[in-house]
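**Student:** Let me begin by handing over the structure; questions about it come next.
The values are calculated or read from the model by the stated rules, or taken from the named source; none is laboratory data. Please read these numbers as outputs of a predicted model, since none were measured by experiment. As a convention, Cβ positions derive from the backbone with ideal geometry for all residues, glycine included, and neighbour counts pool all protein chains shown.
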Amino acid sequence: MNAQRRKSLLELAAQAQAVLDAVEGIRDDEQEYLDNMPEGIKDGDKGDRAQEVIDYLDGAVDGLYSAIEGMESASE
């Protein structure tokens, strides 16, 4: 890989890291929201939906982490 493509790839990895950080923050906020729900609501539709969102965001975090790792490995 030439230096320009390596630089571009590392810049993309840095941008993806910023997205990863933002998604983790949103996921953490949603987890806090769920954790602070009264039990009656937590066990209902709102709690189920919040957990579903957290699960999706966990998947997004995993995917972003893998993408970043792949870009960094490719640039070595």
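**Student:** Being polar (S, T, N, Q), modelled with pLDDT of 95 or more and surrounded by 13 or more Cβ atoms within 10 Å (Cβ to Cβ) is the filter here; which residues of region 34-76 pass it?
**Tutor:** Filtering region 34-76 for residues polar (S, T, N, Q) gives 36, 51, 66, 73, 75.
With modelled with pLDDT of 95 or more added as a condition, the list becomes 36, 51, 66, 73.
Selection gives Gln51 alone.
**Student:** While we're looking at this one, here's another question. Taking region 46-76, which residues are closer than 12 Å to Glu24 by Cβ and either charged (D, E, K, R) or outside any helix (DSSP H, G or I) (or both)? Lay out the reasoning, then the answer.
**Tutor:** Restricting attention to region 46-76, the residues satisfying the condition of being closer than 12 Å to Glu24 by Cβ are 54, 57-58, 60-62, 64-65.
Correct list: Asp58, Asp62.
**Student:** List, please: which pairs have Cβ atoms under 8 Å, are six or more places apart or on different chains, and start with a residue in region 1-21 that is more than 9 Å from Ser75 (Cβ to Cβ) and end with one that is of a type in the set (Gly, Ala, Ser)?
**Tutor:** Filtered contacts from region 1-21: Ala16/Ala67.
**Student:** Among the residues of region 46-76, what is the count of those that are closer than 14 Å to Asp21 by Cβ and under 10 Å from the mean Cα position of the chain (by Cα)?
**Tutor:** Total meeting the criteria: 5.
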